[in-house]
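Reviewing the structure listed below.
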Amino acid sequence: MTEHVDSVVIGAGVIGIAVAGQLARAGREVIVLEACDAIGSGISSRNSEIIHAGIYYPKDSLKARLCVAGRDLLYTFCESHGVEFKRSGKLIVATEQAEVATLQTIFEKAKANGVDDLQWLTVKQAQAMEPHVRTAGALFSPSTGIVDSHGLMLALQGDAEENGAVFAFSSPVTGGQVDGCGIVLEVGGETPMRISCDRLVNAAGLHAQSVARKLEGLAPETIPPTFYARGNYFILGMKSPFRHLVYPVPVPGGLGTHSVLDMGGQTKFGPDVEWVDSLVYDVDPNRAERFYSAIRRYWPDLPDGVLQPGYAGIRPKLAGPEGGKWGTDFVVQGPECHAVAGLINLYGIESPGLTSSLAIAKWVADLLSKT
Ligand SMILES: Cc1cc2nc3c(=O)[nH]c(=O)nc-3n(C[C@H](O)[C@H](O)[C@H](O)COP(=O)(O)OP(=O)(O)OC[C@H]3O[C@@H](n4cnc5c(N)ncnc54)[C@H](O)[C@@H]3O)c2cc1C
């Protein structure tokens, strides 16, 4: 027998949970199918937990628009739902004169994105804020913060459930058809079943492309390739000298090995960028040397022997280190691209996906209301 629901969301990461809440609040019947036995088992538990201001992304890109909108929605949601967060503020530091020009580019990008609270700091001002930082100039972003990502997901889940959404764990989507007679999904797990739905949101994170490939009738040329860029973290085994988040200027593929003091009071450094072929999360202790040299560019007094391997997260990239036609923006793909009514595929939801989650959810719900 095939059960029918209005809307199915695949994946209970921060994006799927936020989308489910948005759809449920709009009065839709929603079921979230999650392969694992708990929320947040994927990328959403393996990130920096930073609420980004929206500084770095190309003007008018989805990342820029959804990050700026999502940041405000997220701060408001955290305040109203008792989720732990802190507007820590962040310094982006040029470690040598040549990098000051990069700060200028970042400043202009931020302005174009509507981030109008970035402040230029002289060397003296930067060192007054962070005496241990070596810098040739810095920007300060007061609207950057940190959040307890698991607390956020729990609150989003609670909100979605209060509005009627149902979460089905250990329920991997193993196949489906989207061939003109509606959407039908095959769901594995202990009690395999078939579900038909009018609306389907594929928020399977690192597996979004493989889920899409399992949907018979979906044109394969609409599915982007998958590339993985692991981001490793090292934990600082001493009290941090920093009061704010401290970032170097960005590197290709990531934002640079930054210092994050999380809500639990632990300081971590990362993520770096390591292109990998599989979803393996072990942090190679031998990478420590690169961390010491990256961090010492802005914190020269980092003592030897204080960094321990931490954890790793994997970015779902749509293009490899050499780039590619799918670029670096989020891809929110609706019927105008694949011609399947009611289907939204979310691809490449890397950073700033956590920050953007509520704005992505609104965007997806708006798109679905038009199909
Ligand atoms: C190293 C790193 C650092 C980051 N730092 C930040 C940051 O500081 N700030 C920020 O804003 N963003 C950050 N991000 C980005 C952010 O973490 C992600 O954009 C966000 O967590 C993506 O959430 P998601 O729900 O799309 O994916 P996920 O959290 O991976 O959720 C997808 C879910 O789908 C499930 N699933 C997969 N296949 C199936 C299937 N067949 N059937 C059913 N379920 C399935 C998975 O089990 C998983 O639970 C970072 C990302 C990385 C990798």
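Among the residues of the stretch 280-327 satisfying the criterion of being within 15 Å of the ligand (Cβ to nearest atom) and of a type in the set (Val, Ile, Thr), which is farthest from SER259 (Cα to Cα)? Residue satisfying both the conditions and the ranking: VAL280.
To keep it simple, each residue is scored yes or no on (1) crowded, with 23+ Cβ neighbours inside 10 Å; (2) under 30 Å from PRO309 (Cβ atoms); (3) among the small types (Gly, Ala, Ser).
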| residue | (1), (2), (3) |
| --- | --- |
| VAL8 | yes, no, no |
| ALA18 | yes, no, yes |
| ALA26 | no, no, yes |
| LEU33 | yes, no, no |
| ALA38 | no, yes, yes |
| PRO58 | no, no, no |
| LEU73 | no, no, no |
| LEU91 | yes, yes, no |
| ALA94 | yes, yes, yes |
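Of the residues making up the stretch 252-260, none is assigned by TED's automatic domain parsing to the domain that holds ILE106, in contact with a His (Cβ under 7 Å, 6 or more places away or on another chain) and under 24 Å from ASP304 (Cα atoms). Counting the residues of the stretch 98-143 that are over 20 Å from CYS67 (Cα atoms), in contact (Cβ under 8 Å) with a residue 24 or more places away in the chain and touching a Lys or Arg at 6+ places or on another chain (Cβ under 9 Å) gives 3. Kindly list, by first and then second residue, each pair from a residue in the stretch 207-226 that is aromatic (Phe, Trp, Tyr) and more than 10 Å from the ligand (Cβ to nearest atom) to a residue that is at pLDDT below 95 and outside any loop (DSSP other than H, G, I, E, B), limited to pairs with Cβ atoms under 9 Å and residues at least 6 apart or on different chains. Every condition considered, no pair remains.
Criterion applied to VAL83, VAL8, VAL30 was being in contact (Cβ under 8 Å) with a residue 40 or more places away in the chain and either under 30 Å from TRP120 (Cβ atoms) or within 12 Å of the ligand (Cβ to nearest atom) (or both), and the one residue passing it is VAL8. Among the residues that make up the stretch 67-75, is at least one of them in contact with a Ser or Thr (Cβ under 6 Å, 6 or more places away or on another chain) and either modelled with pLDDT under 95 or β-branched (Val, Ile, Thr) (or both)? No; the residues of the stretch 67-75 include none that is in contact with a Ser or Thr (Cβ under 6 Å, 6 or more places away or on another chain) and either modelled with pLDDT under 95 or β-branched (Val, Ile, Thr) (or both). In the stretch 173-226, of all residues being among the polar types (S, T, N, Q) and out of contact with any strand residue (DSSP E or B) (no Cβ under 9 Å at 6 or more places or on another chain), the one that is nearest to PHE330 (Cα to Cα) corresponds to SER210.
Looking at GLY182, GLY176, just one residue is surrounded by fewer than 17 Cβ atoms within 10 Å (Cβ to Cβ) and either more than 9 Å from the ligand (Cβ to nearest atom) or closer than 21 Å to GLY21 by Cβ (or both), and that residue is GLY182. List every residue pair whose Cβ atoms sit under 8 Å apart, with the two residues 6 or more apart in sequence or on different chains, where the first one lies in the stretch 43-58 and is closer than 11 Å to LEU354 by Cβ and the second, anywhere, is part of a loop (DSSP other than H, G, I, E, B) and β-branched (Val, Ile, Thr). Between residues of the stretch 43-58 that are closer than 11 Å to LEU354 by Cβ and residues that are part of a loop (DSSP other than H, G, I, E, B) and β-branched (Val, Ile, Thr), the close pairs are ILE43/ILE349; ILE50/THR144; ILE51/THR144; HIS52/THR144.
The values are calculated or read from the model by the stated rules, or taken from the named source; none is laboratory data. Please read all numbers here as calculations on a predicted model, not as lab measurements. Cβ sites come from the backbone with ideal geometry, for glycine too, and all protein chains shown count toward neighbours.
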